[in-house]
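Enquirer: Sharing a structure, written as structure tokens. Questions coming.
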Amino acid sequence: MSRIGKKPIQVPAGVTASVEGQKVAVKGPKGELFFVANDEISVKFEDNAVHVEPRAQTKDARSKWGMSRTMIENILKGVKDGYERKLEINGVGYRAAMQGKNLQLALGFSHDVVYEPPQGITIAVPKPTEIVISGINKQQVGQVAAEIREYRGPEPYKGKGVKYAEERIVRKEGKKK
């Protein structure tokens, strides 16, 4: 039994949810999202809550049960509050700036890296060494953060590069004389 899958998902105030077959559509103050559940999962909307159950007790259905519930919970939270991911830049001369809607990164290359964010994602640069990525889709926010971090990931000797704000870099000792 999935401990996560058993719990009903309460629909928060200010958010409307509707279930049509396998599609769960959610509308809130930040926008609209939907999730299409696998055919092995049944989704019901009762008492202002979404209930997710496997249609059969196969291993495949049970494995998709908890994931489906979590995906629906994520879209409910996304349209109400949204998601945010912070990145930090460490290194001499490394900095970020906004160029219209695009993010311009100086990361020690011979040229500046220009990143164009996808639809539905907003990027802010409160400080030249800090990037804030926000949006309503959790997966998309995480993907954008990973793509920006990939340009120059943190290195283990001096910690230079782009890292997540909550990430801890395991440092290595340098050469000895």
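Enquirer: Which residues, taken from the stretch 58-70, are surrounded by fewer than 13 Cβ atoms within 10 Å (Cβ to Cβ) and either β-branched (Val, Ile, Thr) or under 8 Å from GLY5 (Cα atoms) (or both)?
Expert: The one that is surrounded by fewer than 13 Cβ atoms within 10 Å (Cβ to Cβ) and either β-branched (Val, Ile, Thr) or under 8 Å from GLY5 (Cα atoms) (or both): THR58.
Enquirer: Can LEU76 be described as modelled with pLDDT under 95 and of a type outside the set (Gly, Ala, Ser)? Even if it seems obvious, please write down each step before you answer.
Expert: Details: modelled with pLDDT under 95: yes; of a type outside the set (Gly, Ala, Ser): yes.
In short, yes.
Enquirer: Considering only the stretch 58-116, give the strands (runs of 3 or more DSSP E) lying wholly within it that have at least 3 residues that are over 19 Å from the mean Cα position of the chain (by Cα). Steps first, answer last, please.
Expert: Details: elements: 83-90, 95-99, 102-106, 113-115.
The qualifying strands (runs of 3 or more DSSP E) are 95-99, 102-106.
Enquirer: For the stretch 41-57, indicate whether the set of residues that are assigned to a helix (DSSP H, G or I) and either free of Cβ contacts under 8 Å to residues at least 24 places away in the same chain or surrounded by 13 or more Cβ atoms within 10 Å (Cβ to Cβ) (or both) is non-empty.
Expert: To start, the set of residues in the stretch 41-57 that are assigned to a helix (DSSP H, G or I) comprises none.
No.
Enquirer: Moving to a separate point now. Please enumerate the residues belonging to the stretch 7-34 that are in a strand (DSSP E or B) and over 20 Å from the mean Cα position of the chain (by Cα). Lay out the reasoning, then the answer.
Expert: Residues of the stretch 7-34 in a strand (DSSP E or B): 9-10, 16-20, 23-27, 32-34.
The answer is GLN10, THR16, ALA17, SER18, VAL19, GLU20, LYS23.
Enquirer: Across the stretch 11-33, what is the total count of residues that are of a type outside the set (Lys, Arg), out of contact with any Gly (no Cβ under 8 Å at 6 or more places or on another chain) and surrounded by fewer than 14 Cβ atoms within 10 Å (Cβ to Cβ)?
Expert: 5
Enquirer: Inside the stretch 117-140, can you point out the residues that are in a loop (DSSP other than H, G, I, E, B) and in contact (Cβ under 8 Å) with a residue 12 or more places away in the chain?
Expert: Of the stretch 117-140, the ones in a loop (DSSP other than H, G, I, E, B) are 117-120, 128-129, 136-137.
Answer for the stretch 117-140, where residues must be in a loop (DSSP other than H, G, I, E, B) and in contact (Cβ under 8 Å) with a residue 12 or more places away in the chain: PRO117, PRO118, GLY120, PRO128, THR129, ILE136, ASN137.
Enquirer: Related question: Quick check on my filter: what residues within the stretch 102-131 are touching a strand residue (DSSP E or B) at 6+ places or on another chain (Cβ under 8 Å) and of a type outside the set (A, V, I, L, M, F, W, C)? Walk me through how you get there before you give the answer.
Expert: From the stretch 102-131, those touching a strand residue (DSSP E or B) at 6+ places or on another chain (Cβ under 8 Å) are 102-107, 112-117, 120-126, 128-131; that's our starting set.
Listed by number, the residues that qualify are ASN102, GLN104, ASP112, TYR115, GLU116, PRO117, GLY120, THR122, PRO126, PRO128, THR129, GLU130.
Enquirer: Then there's this: Give me the pairs: first residue in the stretch 12-30 and outside the structural domain of ASN48 (by TED's automatic domain parsing), second residue among the hydroxyl-bearing types (Ser, Thr, Tyr), beta-carbon distance under 9 Å, and six or more apart or on different chains, which are they?
Expert: Within 9 Å, no pair qualifies.
Enquirer: Return yes when ILE121 is within 18 Å of ALA145 (Cα to Cα) and in contact with a Gly (Cβ under 7 Å, 6 or more places away or on another chain) and no when it is not.
Expert: Numbers: within 18 Å of ALA145 (Cα to Cα): yes; in contact with a Gly (Cβ under 7 Å, 6 or more places away or on another chain): yes.
Against the criterion (within 18 Å of ALA145 (Cα to Cα) and in contact with a Gly (Cβ under 7 Å, 6 or more places away or on another chain)), ILE121 qualifies.
Enquirer: In the stretch 159-177, which residues are surrounded by fewer than 10 Cβ atoms within 10 Å (Cβ to Cβ), of a type in the set (Lys, Arg) and closer than 27 Å to TYR115 by Cβ?
Expert: Listed by number, the list holds a single entry, ARG168.
The values are calculated or read from the model by the stated rules, or taken from the named source; none is laboratory data. Everything numeric here is computed off the predicted structure, so don't read it as measured data. A quick note on method: Cβ atoms are made from the backbone with ideal geometry, for glycine too, and the neighbour counts reach across all protein chains shown.
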